[in-house]
Amino acid sequence: MGSRYPFPAYPNGWFRIAYSREFEVGDVAPLFYFGRDLVLFRDEAGAPHLLDAHCRHLGAHLGYGGRVEGSGLRCPFHNWCWDGDGRCIDIPYAQRIPSRARMRSWPVLERNGIIFVWYHARGEPPSFELPELTQIGDPDWSPLEIRRWRVRARWIDMNENAVDQVHFRYVHGTKTTPVTETEVDGHILRCRSRMKLATPRGTVDGGIDTTDFGPGFQTVHLTGIVETIMVNTSTPIDEEFTDTSFAYTVNTSGDKKAALGVGNAIIKDLEKQMSEDIPIWENKKYYAQPLLCDGDGAFGVYRSWWRQFFSEEDLEAAQRAE
Ligand code: FES
Ligand SMILES: [Fe+2]
């Protein structure tokens, strides 16, 4: 079966695998991303670690019955203990730990209330950093409001929405907001939109600044009525499905009640928009060469930007397979 996409399913970058507040010390979770079984655990010092799921000994899945002990994760089958770097640190019934007792461990980063994994198709170390958003966790901002969807589409379909000004009118019934500026800065892509917003107190200047930090982490900064930060993260599950999530925080330093009201309205609107977008994403085909007209958004910027997250050989192989 040909793929709906003329490029590989898993780009290189940082991807959300959990929200910090949902993953406490001693927690162990089976995960499935990038078409593989993984296990996430938080050691007793509070550090998160991600390993391949299956114990190197006799293949038990460490996410089902594995227990955190100190800095390690103990297998439920024969009690071998693995540390966060994937080294076997204890076999309670053996004199000697076999030298090849190693499991694959993945680079993780905890930032902005999110635990991320670094994925690289060739196992190379992280080539960029993620920014710290000072608003997350700040008492002047509301706690993150989190929503998730499992979507049969790829991350690019969702991120590309930012520049698809026309679909806002026809899919969501809202006014079109042309993206006024786009800027590529290595792994970062910025899109700025400016507009006039009608309020009961007259017209105010509004803004939507969308920034992509690689393929897995996108922030949207809304200004004008109530300042809002939205964090959009999409993690590939397999070749077909993506685990996508939006999380919001609103600035409550002014009229707190009004700000939370606006926050709730944004969440409602977001849920409505997702229900409108998802059937389109799940059934569309991604054209490498779409037929665009002069009123369309700046798709070209996105599409030349994302190539850097794949190796040229992998891109060519995917194109040949199409
Ligand atoms: S399978 Fe894990 S200790 Fe045997
Ligand atoms: Fe949309």
* To do: Grab the strands (runs of 3 or more DSSP E) fully contained in region 147-258, keeping just those with 3 or more residues being of a type in the set (D, E, K, R).
  => 181-185, 188-199, 202-213
* **Given (1) surrounded by 14 or more Cβ atoms within 10 Å (Cβ to Cβ); (2) in contact with a helix residue (DSSP H, G or I) (Cβ under 8 Å, 6 or more places away or on another chain); (3) at pLDDT 90 or above, number of the condition residue 213 does not satisfy** => (2)
* Asked: What do you reckon, is residue 284 in contact with a Lys or Arg (Cβ under 8 Å, 6 or more places away or on another chain) and either farther than 25 Å from residue 14 by Cβ or not assigned by TED's automatic domain parsing to the domain that holds residue 171 (or both)?
  -> yes
* Any idea which of 189, 133, 197 is among the aliphatic types (A, V, I, L, M), out of contact with any Leu (no Cβ under 9 Å at 6 or more places or on another chain) and surrounded by fewer than 15 Cβ atoms within 10 Å (Cβ to Cβ)? -> 197
* **Residues being part of a loop (DSSP other than H, G, I, E, B) and either farther than 19 Å from residue 212 by Cβ or modelled with pLDDT under 90 (or both) - total across region 299-322** => 2
* Of the numbered conditions (1) among the aliphatic types (A, V, I, L, M); (2) in contact (Cβ under 8 Å) with a residue 40 or more places away in the chain; (3) over 13 Å from residue 39 (Cβ atoms), residue 68 fails exactly one; give the number of that condition. => (3)
* Would you check which residues across region 39-66 are within 16 Å of ligand 1 (Cβ to nearest atom) and either touching a Pro at 6+ places or on another chain (Cβ under 7 Å) or not assigned by TED's automatic domain parsing to the domain that holds residue 25 (or both) and list them? => 39, 53, 60, 61, 63, 64, 65, 66
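Considering 305, 281, which residue is more than 16 Å from ligand 2 (Cβ to nearest atom) and surrounded by 15 or more Cβ atoms within 10 Å (Cβ to Cβ)?
When all the criteria are applied, what remains is 305.
Which members of region 1-34 meet the condition of being free of Cβ contacts under 8 Å to residues at least 40 places away in the same chain and either buried (at least 23 other Cβ atoms within 10 Å of the Cβ) or not in a helix (DSSP H, G or I) (or both)? I'd like the intermediate steps shown before the answer.
Here is the first cut: in region 1-34, the ones free of Cβ contacts under 8 Å to residues at least 40 places away in the same chain are 1, 22, 24, 29-31.
Across region 1-34, the qualifying residues are 1, 24, 29, 30, 31.
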* Residue that is farthest from ligand 1 (Cβ to nearest atom) [pool: residues in region 153-171 that are of a type outside the set (A, V, I, L, M, F, W, C) and surrounded by fewer than 15 Cβ atoms within 10 Å (Cβ to Cβ)] -> 169
* Asked: Can you find even one residue in region 283-290 that is away from ligand 1 (no atom under 16 Å from the Cβ), part of a strand (DSSP E or B) and touching a residue at least 12 places away in the same chain (Cβ under 8 Å)?
  -> no
* **Residue identified as more than 22 Å from residue 18 (Cα to Cα), buried (at least 17 other Cβ atoms within 10 Å of the Cβ) and not small (Gly, Ala, Ser) among 74, 87, 42, 56** => 56
* To do: Name the single residue, out of those in region 90-101 being surrounded by 15 or more Cβ atoms within 10 Å (Cβ to Cβ) and of a type in the set (A, V, I, L, M), that is farthest from ligand 1 (Cβ to nearest atom).
  => 101
* To do: Of the conditions (1) within 14 Å of ligand 2 (Cβ to nearest atom); (2) in contact (Cβ under 8 Å) with a residue 24 or more places away in the chain, residue 170 clears all except one; give me its number.
  => (2)
* Candidates 237, 229, 136, filtered to the one that is within 30 Å of residue 106 (Cβ to Cβ), of a type in the set (A, V, I, L, M, F, W, C) and touching a His at 6+ places or on another chain (Cβ under 7 Å) -> 229
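The values are calculated or read from the model by the stated rules, or taken from the named source; none is laboratory data. Computed from a predicted model, the values in this text were never measured in an experiment. Heads up, the Cβs are rebuilt from the backbone with ideal geometry, glycines too, and the neighbour counts pull from every protein chain shown.
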